Amino acid sequence: MHLRIDDIAKAWSGHTVLDGVSFDAGENEFVCLLGPSGCGKTTLLRIVAGLTAADAGRVILGGRDISALPARERRMGLVFQAYSLFPDMTAAANVGYPMRLRRDAPAKIAARCSELLERVGLGGLGARFPDELSGGQQQRVALARALATEPAMLLLDEPLSALDPAIRGQLRSEIRLLQRALGIPTIMVTHDQEEALAMADTIVCMNRGRIEQTGSPRDLYERPRSRFVAEFIGRANLLPTAFVRDAIPGFLERRPPGDEATYELCLRPEDVVIENDPRGEAVIEDTVFLGNLARITLAWRGRKLLVEQPGRSALNRGELVSVDALRGAWVCA
Amino acid sequence: MGVRVKRMRTTGMLLLAVPLLFLLVFFLHPLATVLVRSVTDAQGMPTFANYVRLFDDPGLPRAAMRSLVIGVATTLCTVSLGLCLAMALHRSRLPGKALIRTALLLPMLAPSLVLALGLVCLLGRNGLVHRLTGLPTDIYGFWGLLIANTLYGLPQVVIIVSAALARTPARHYDAAESMGATPWRQFLDVTIPRLRFALLAAAFLVFTETLTDFGSAVVVGGSYRVLAVEIYGEVVGQLDFAMGATLGVVLLAPALLSVWLARMARRRQDTGDASPGRTLVPARHPWRDVALGGISLLALLPLVGVVATVAYVSVVKLWPYDRTLTLANYMGGMPDGYGPVATSITMSLLAAGAGVLLVFALSAGLRRAPPFIAKPVQFIASLPAAVPGLVLGLGYVLAFNHGPLSGWLYGSVAIVAACSLFHYHAQAFLTMQTGMRQVPEALDDAVAVSGGSTFHVLRDAVWPFAAPAAISTFFYLFMRSMVTLSGVIFLVTPELGLASVTVMRLDENGFLAQAAAYAMCVVLASALALGAMRLLLHVLKDRRHVA
Ligand SMILES: Nc1ncnc2c1ncn2[C@@H]1O[C@H](COP(=O)(O)OP(=O)(O)OP(=O)(O)O)[C@@H](O)[C@H]1O
Ligand SMILES: [Mg+2]
């Protein structure tokens with residue numbers, strides 16, 4: 001089903017938290033709401049779920065305006081960061097909970113519970129209580145519960161951020177596989193850009209209650225439109241126009257017209273090419289060995305530049321290098 | 001949008017409204033009545049004559065002075081002994097800590113005057129010691145009152161101080177140790193600073209209780225008449241309600257002050273860190289253990305001795321002349337039979353049951369209430385902690401013996417239950433609210449998106465977390481109601497006897513053995529309740545219902 005968020009605004013006691021937010025989530029699409037802490041992601045998700053009332057704007061699901069519907073009638077499956085399982089119900093009872101509220105037949109509930117638990121990889125653990133399950137398993141139960149009533153949409157609020165990195169990675173791909181298999185449109189909130197890049201079809205990057213940019217992960221990474229997006233997603237070298245004119249004038253061609261200060265050039269560290277050159281203009285200040293890549297800091301014409309090279313770098317501190325850039329994007333400063 | 005939000009809010013308001021109404025009628029209204037009565041004359045005209053009259057009677061300033069003296073002395077003794085006992089429990093390697101804990105339960109199971117009763121039986125002019133040794137013992141007066149009050153206050157001090165001790169992280173001691181601090185210096189530099197506020201809070205609690213408790217004062221005070229006894233005399237003896245109300249207001253002032261100070265103290269203390277870390281294991285230090293053990297023995301032997309004396313007295317034929325052992329006192333020997341005990345139990349069950357419902361509704365209603373509602377409600381719900389039982393009971397007499405509700409309420413079990421419920425409302429409310437704070441918000445939302453209503457939120461999200469608190473609240477109110485005396489003393493009628501009041505009446509008339517038998521019935525009922533509570537909490541911990 002298609003979801004349309006239309007010009008949503010929300011203020012908490014006079015303090016604006018969401019300011020005219022609009023985006024679309026298409027059928028089967030996995031959308032990540034990405035942004036720093038406090039930018040209003042959770043608030044937006046709760047508005048979509050019907051748990052919080054917006055001050056203005058509409059939520060349209062499958063062509064129907066659902067803004068006035070209470071949460072229970074919206075058919076949304078919700079997964080929270082943590083602590084959302086009923087502590088004195090078993091995993092199976094937790095999963096069956098929404099169906100029991102709907103007064104489904106017990107036999108049907110039982111069958112669906114074990115099917116769902118199977119799906120999230122917990123077959124046979126239905127009799128366990130939440131405190132007998134690991135954090136990752138608890139989130140799987142929460143996921144199964146969210147799917148129990150065949151929701152129109154899945155809403156995930158940082159479902160992985162309370163887990164340790166190894167399990168996080170594994171659950172990422174499982175959630176994504178499950179979502180594809182069920183073909184259910186999903187919005188996931190996260191402040192982890194790596195997670196958003198890895199999972200999303202579309203990333204909605206938010207900052208201070210506004211959308212900075214919407215697009216595919218690749219779009220946002222390669223063609224960030226603002227300094228905020230460039231810095232929030234991946235690492236970026238941001239160079240002012242005057243510097244570019246002196247150092248790498250080739251990039252000036254594609255610069256949009258505008259004042260000196262309105263645009264900056266964003267160079268991703270892996271797009272910077274350096275070569276050992278005794279007559280080079282840059283000097284290597286520091287190299288950090290990161291296993292599969294090396295992170296190098298240069299001093300170049302009075303600026304610091306971050307460079308990443310795959311594999312093991314042969315460059316050492318103090319060596320002179322020449323600098324060139326493969327590609328770059330102009331962003332609003 | 002906002003249909004659900006609005007509906008939730010309506011239900012929330014309803015949850016708040018009912019307990020608030022009860023607080024209004026059964027707490028604020030009687031309290032206001034006392035205040036008004038103290039500044040009006042018989043015709044209801046405003047006057048300060050009652051306060052002027054306080055100074056006409058030379059007995060009253062003297063009684064006030066005595067209350068103050070006994071209050072300070074009791075506070076000093078109780079806090080220092082309580083500190084030692086708490087240290088013995090948490091910072092020593094003494095064996096038999098379970099025994100110390102059990103002994104400390106005794107005063108909480110009995111009305112305050114039972115300790116005084118035991119003291120009289122043991123060391124009174126005709127007490128056991130005199131009978132056995134011929135020594136001229138006379139415990140009545142200051143010293144008797146001091147001992148009885150100290151023994152009564154001890155467990156509460158130990159509980160407060162123990163909580164603070166348990167919150168002090170072991171790493172502070174590790175740090176002090178690594179810098180070469182001796183155990184004594186560690187006590188002075190690590191332990192005491194973290195206990196400051198707990199000690200202060202405990203001191204104020206004991207001071208207020210001593211000031212306003214009159215059960216012990218009546219039994220063992222003798223000619224050392226304190227303020228609480230004077231109030232009792234004015235109201236029950238001379239039926240001078242205006243004077244009683246005025247004296248009540250005088251008692252209210254220090255009680256309010258001490259509760260306010262304790263609140264400030266708690267606020268300052270809560271800023272400390274609560275991260276647990278390594279559990280603390282006291283180092284080997286024989287002298288410390290010997291000293292703490294000695295003091296513990298000194299404090300607890302009298303306690304156990306006094307209660308044991310009451311138990312003994314309850315099974316002798318004709319105290320103190322014929323000490324043949326007999327169960328006659330329990331089998332028809334009690335003047336009113338088991339009636340008062342049954343009434344006490346009925347009343348306590350009513351207070352506990354109604355109390356749990358009201359406090360649950362109040363805490364649940366407050367969960368999502370905006371601050372401008374939550375703050376004042378919280379204040380009113382906690383205010384009973386600052387109102388002495390004597391004052392509240394007086395308010396009940398003034399407010400309910402006449403007026404529109406009196407037809408239903410006068411002399412009923414319900415009115416007595418209401419009095420003891422609202423006397424102990426603050427602590428019950430605090431317990432329940434603490435329990436409910438543990439409900440994760442995500443759980444509320446999970447119910448809502450699953451299609452549940454407020455009822456489902458309460459049943460499935462709130463109740464599992466609040467259940468232990470509800471059990472504790474129920475039994476707390478039950479046990480307190482079983483032993484309460486100062487509040488309900490004005491409310492009993494000849495047809496409606498309560499066990500704790502009966503103990504006092506029998507003691508006044510010299511029937512010590514029968515008084516002791518009633519006292520032991522209360523102790524037994526309270527002990528059973530305590531056991532039931534522990535069992536239930538234990539079962540609840542293990543049990544899960546599979547829905
Ligand atoms: N119920 C509420 N009442 C008042 N203010 C709120 C409420 N909920 C959120 N806020 C405020 O709204 C702002 C946005 O909060 P929100 O939870 O949406 O941020 P977030 O993007 O989810 O952040 P995080 O990554 O930390 O979860 C914050 O400043 C927060 O303090
Ligand atoms: Mg959030």
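The values are calculated or read from the model by the stated rules, or taken from the named source; none is laboratory data. Since we're looking at a predicted model, the values are computed, not measured. Glycine also receives a Cβ, built like all others from the backbone with ideal geometry; neighbour counts cover every protein chain displayed. Only protein heavy atoms, including side chains, enter the accessible area calculation; ligands, DNA and RNA are left aside. Shrake-Rupley method; radii C 1.70, N 1.55, O 1.52, S 1.80 Å.
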Taking the stretch A:153-179 as the region of interest, how many residues are away from ligand 2 (no atom under 16 Å from the Cβ) and within 12 Å of chain B (Cβ to nearest Cβ)?
-> 2
Output yes when any residue across the stretch B:430-445 is touching a strand residue (DSSP E or B) at 6+ places or on another chain (Cβ under 9 Å) and either facing chain A (nearest Cβ under 9 Å) or not charged (D, E, K, R) (or both), and no when none is.
-> yes
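Test B:Leu477 against the criterion of being touching a residue at least 60 places away in the same chain (Cβ under 8 Å) and either open to solvent by less than 10 Å² (accessible area, probe 1.4 Å) or within 14 Å of chain A (Cβ to nearest Cβ) (or both), and give yes or no. Walk me through it before giving the result.
Values: touching a residue at least 60 places away in the same chain (Cβ under 8 Å): yes; either open to solvent by less than 10 Å² (accessible area, probe 1.4 Å) or within 14 Å of chain A (Cβ to nearest Cβ) (or both): yes.
When the stated conditions are applied, B:Leu477 passes them.
If I ask for residues that are part of a helix (DSSP H, G or I) and open to solvent by 20 Å² or more (accessible area, probe 1.4 Å), which ones from the stretch A:123-138 would you list?
Of the residues in the stretch A:123-138, the ones part of a helix (DSSP H, G or I) are A:130-132, A:135-138.
Scanning the stretch A:123-138 gives A:Asp131, A:Glu132, A:Gly135, A:Gln137, A:Gln138.
Restricting attention to the stretch A:49-75, which residues are hydrophobic (A, V, I, L, M, F, W, C) and within 7 Å of chain B (Cβ to nearest Cβ)? Full working, then the answer.
Just the residues of the stretch A:49-75 that are hydrophobic (A, V, I, L, M, F, W, C), to begin with: A:49, A:51, A:53-54, A:56, A:59-61, A:66, A:68-69, A:71.
Within the stretch A:49-75, A:Ala49, A:Leu51, A:Ala53, A:Ala54, A:Ala68, A:Ala71 meet the criteria.
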Residue check, B:Gly82 against (1) open to solvent by 40 Å² or more (accessible area, probe 1.4 Å); (2) at pLDDT 90 or above; (3) not charged (D, E, K, R), all met but one. Which one?
-> (1)
Screening A:Asp19, A:Asp55 for residues that are at negative phi, touching a Gly at 6+ places or on another chain (Cβ under 9 Å) and within 15 Å of ligand 1 (Cβ to nearest atom) leaves only A:Asp19
Could you check B:Leu524 against (1) over 18 Å from B:Phe360 (Cβ atoms); (2) outside any loop (DSSP other than H, G, I, E, B); (3) touching a residue at least 12 places away in the same chain (Cβ under 8 Å) and say which number it fails?
-> (3)
Can you tell me which of A:Leu69, A:Leu33, A:Leu61 is surrounded by 15 or more Cβ atoms within 10 Å (Cβ to Cβ) and within 16 Å of ligand 2 (Cβ to nearest atom)?
-> A:Leu33
Within the stretch A:1-18, work out how many residues are under 22 Å from A:Asp192 (Cα atoms) and either more than 16 Å from ligand 2 (Cβ to nearest atom) or open to solvent by less than 10 Å² (accessible area, probe 1.4 Å) (or both).
-> 1
Which numbered condition trips up A:Val189, out of (1) within 16 Å of ligand 2 (Cβ to nearest atom); (2) within 14 Å of chain B (Cβ to nearest Cβ); (3) over 11 Å from the mean Cα position of the chain (by Cα)?
-> (3)
Pair list, Cβ < 7 Å and 6+ apart or interchain, from the stretch A:52-67 residues that are in the same structural domain as A:Lys10 (by TED's automatic domain parsing) and part of a loop (DSSP other than H, G, I, E, B) to residues that are among the basic types (Lys, Arg) and within 16 Å of ligand 1 (Cβ to nearest atom) = A:Thr52/A:Arg46; A:Ala54/A:Lys10; A:Asp55/A:Lys10
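Name the residue, out of A:Ala11, A:Ala71, A:Ala25, A:Ala49, that is assigned by TED's automatic domain parsing to the domain that holds A:Gln193 and within 11 Å of ligand 1 (Cβ to nearest atom).
On inspection, the qualifying residue turns out to be A:Ala11.
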Hey, could you check the stretch A:28-46 for residues that are part of a loop (DSSP other than H, G, I, E, B) and out of contact with any helix residue (DSSP H, G or I) (no Cβ under 8 Å at 6 or more places or on another chain) and say which is farthest from ligand 1 (Cβ to nearest atom)?
-> A:Glu29
Among the residues of the stretch B:11-22, is any more than 23 Å from B:Ser382 (Cβ to Cβ), modelled with pLDDT under 90 and open to solvent by less than 60 Å² (accessible area, probe 1.4 Å)?
-> yes
For B:Ile139, are the conditions met, namely being open to solvent by less than 50 Å² (accessible area, probe 1.4 Å) and β-branched (Val, Ile, Thr)?
-> yes
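Each row is one residue, and each column tells you yes or no for (1) part of a loop (DSSP other than H, G, I, E, B); (2) touching a residue at least 12 places away in the same chain (Cβ under 8 Å); (3) facing another protein chain (nearest Cβ under 7 Å).
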| site | (1), (2), (3) |
| --- | --- |
| A:Gly77 | no, yes, no |
| A:Tyr83 | yes, no, yes |
| A:Pro87 | yes, yes, yes |
| A:Ala92 | no, yes, no |
| A:Gly96 | no, yes, no |
| A:Ala110 | no, yes, no |
| A:Ser114 | no, yes, no |
| A:Glu118 | no, no, no |
| A:Gly121 | yes, yes, no |
Return yes or no: is A:Thr241 open to solvent by less than 20 Å² (accessible area, probe 1.4 Å) and within 16 Å of ligand 1 (Cβ to nearest atom)?
-> no
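So is B:Val69 outside the structural domain of B:Arg194 (by TED's automatic domain parsing) and of a type in the set (A, V, I, L, M) or not? Spell out the reasoning first.
Numbers: outside the structural domain of B:Arg194 (by TED's automatic domain parsing): no; of a type in the set (A, V, I, L, M): yes.
Criteria not met by B:Val69.
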Of all residues in the stretch B:290-349, count the ones that are part of a helix (DSSP H, G or I), open to solvent by less than 40 Å² (accessible area, probe 1.4 Å) and closer than 22 Å to B:Asn126 by Cα.
-> 8
Kindly indicate whether any position in the stretch A:182-193 is over 30 Å from A:Ala93 (Cβ atoms), at pLDDT below 95 and among the charged types (D, E, K, R).
-> yes
A:Gly38 meets each of (1) open to solvent by less than 50 Å² (accessible area, probe 1.4 Å); (2) within 13 Å of ligand 2 (Cβ to nearest atom) with one exception, condition (1)
Scanning for something hydroxyl-bearing (Ser, Thr, Tyr) and not assigned by TED's automatic domain parsing to the domain that holds B:Thr78, does the stretch B:298-311 turn up at least one residue?
-> yes
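Going by the conditions given, is B:Leu485 in a loop (DSSP other than H, G, I, E, B) and either at pLDDT 85 or above or open to solvent by 20 Å² or more (accessible area, probe 1.4 Å) (or both)? Even if it seems obvious, please write down each step before you answer.
On the way: in a loop (DSSP other than H, G, I, E, B): yes; either at pLDDT 85 or above or open to solvent by 20 Å² or more (accessible area, probe 1.4 Å) (or both): yes.
Spelling it out, B:Leu485 is indeed in a loop (DSSP other than H, G, I, E, B) and either at pLDDT 85 or above or open to solvent by 20 Å² or more (accessible area, probe 1.4 Å) (or both).
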Of those in the stretch A:72-111 that are open to solvent by less than 20 Å² (accessible area, probe 1.4 Å) and of a type in the set (S, T, N, Q), the residue farthest from A:Asp24 (Cα to Cα) is A:Thr90
In the stretch A:155-211, anything surrounded by fewer than 22 Cβ atoms within 10 Å (Cβ to Cβ), of a type in the set (Ser, Thr, Tyr) and farther than 19 Å from A:Tyr83 by Cβ is listed as A:Ser173, A:Thr202
